[in-house]
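Heads up: the structure comes next, in structure tokens.
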Amino acid sequence: QVQLVESGGGLVQAGGSLRLSCAASGRTFGTYAMGWFRQAPGKDREFVADISASGGSIDYADSVKGRFTISRDNAKNAVNLQMNSLKPEDTAVYYCAAAPIYNNKESRWYPYWGQGTQVTVSS
């Protein structure tokens, strides 16, 4: 089992940057694929980015490709999401999640979730 805690959210102007971090507990962090999802008010939770257990495979939603970068440090039990060129439509609660298998973009395949961190982008 793994427990996840996100940090780094906040209020930023359009065009700005934020770096989200997710700290994980547990000795098996390095065996889990990690994902970032987000949920805006009145909308379904959506996939943002994921990274395989080794960090060798990465994927992004089309809406963030070229602007967001996911990374992980297995020695520190951490996964990060660098968000650049932020847009008002990026406003959402961002969640990190852990899954035993990589390449599942649907939230239902992720059994472990953090509590979320709010990102608000003003125009």
Checklist entry - Is segment 35-47 home to any residue that is part of a strand (DSSP E or B), surrounded by fewer than 20 Cβ atoms within 10 Å (Cβ to Cβ) and among the aliphatic types (A, V, I, L, M)? => result no
Checklist entry - Residues in segment 50-63: is at least one within 15 Å of residue 119 (Cα to Cα) and in contact (Cβ under 8 Å) with a residue 24 or more places away in the chain? => result no
Checklist outcome for this item: Just one listed residue, out of 87, 76, is among the basic types (Lys, Arg) and farther than 21 Å from residue 12 by Cα, and it is 76
Checklist entry - Does residue 47 meet the test of being touching a helix residue (DSSP H, G or I) at 6+ places or on another chain (Cβ under 8 Å) and either modelled with pLDDT of 95 or more or more than 18 Å from residue 121 (Cα to Cα) (or both)? => result yes
Item to check | residue 54 of a type in the set (Ser, Thr, Tyr), out of contact with any Pro (no Cβ under 7 Å at 6 or more places or on another chain) and either farther than 20 Å from residue 83 by Cα or part of a loop (DSSP other than H, G, I, E, B) (or both) | outcome: yes
Checklist outcome for this item: Log entry, pairs with first residue in segment 30-44 being over 23 Å from residue 54 (Cα atoms), second being at pLDDT 95 or above and open to solvent by 90 Å² or more (accessible area, probe 1.4 Å), beta carbons closer than 9 Å, six or more apart or on different chains, reads 40/89
Checklist entry - In segment 103-119, is there at least one residue being farther than 16 Å from residue 23 by Cα, hydrophobic (A, V, I, L, M, F, W, C) and open to solvent by less than 50 Å² (accessible area, probe 1.4 Å)? => result yes
Next on the checklist: Suppose we filter segment 64-101 for residues that are outside any strand (DSSP E or B), surrounded by 15 or more Cβ atoms within 10 Å (Cβ to Cβ) and of a type in the set (Ser, Thr, Tyr); how many remain?
Outcome noted: 1
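Can you give me the number of residues within segment 12-37 that are out of contact with any Leu (no Cβ under 6 Å at 6 or more places or on another chain) and more than 16 Å from residue 85 (Cβ to Cβ)?
Start the filter on segment 12-37 by keeping residues that are out of contact with any Leu (no Cβ under 6 Å at 6 or more places or on another chain), which leaves 13-15, 17-19, 21, 23, 25-35, 37.
So of that shortlist, the ones also more than 16 Å from residue 85 (Cβ to Cβ) come out as 21, 23, 25-35, 37.
So the answer is 14.
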Next on the checklist: I need a count of the residues in segment 20-34 that are open to solvent by 60 Å² or more (accessible area, probe 1.4 Å) and closer than 16 Å to residue 92 by Cβ.
Outcome noted: 0
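The values are calculated or read from the model by the stated rules, or taken from the named source; none is laboratory data. Bear in mind that the values here come from a model prediction, so they are computed numbers and not experimental data. Glycine gets a Cβ as well: all are built from the backbone with ideal geometry, and neighbour counts include every protein chain shown. Surface areas here come from the heavy atoms of the whole protein model, side chains and all, with no ligands, DNA or RNA. Shrake-Rupley method; radii C 1.70, N 1.55, O 1.52, S 1.80 Å.
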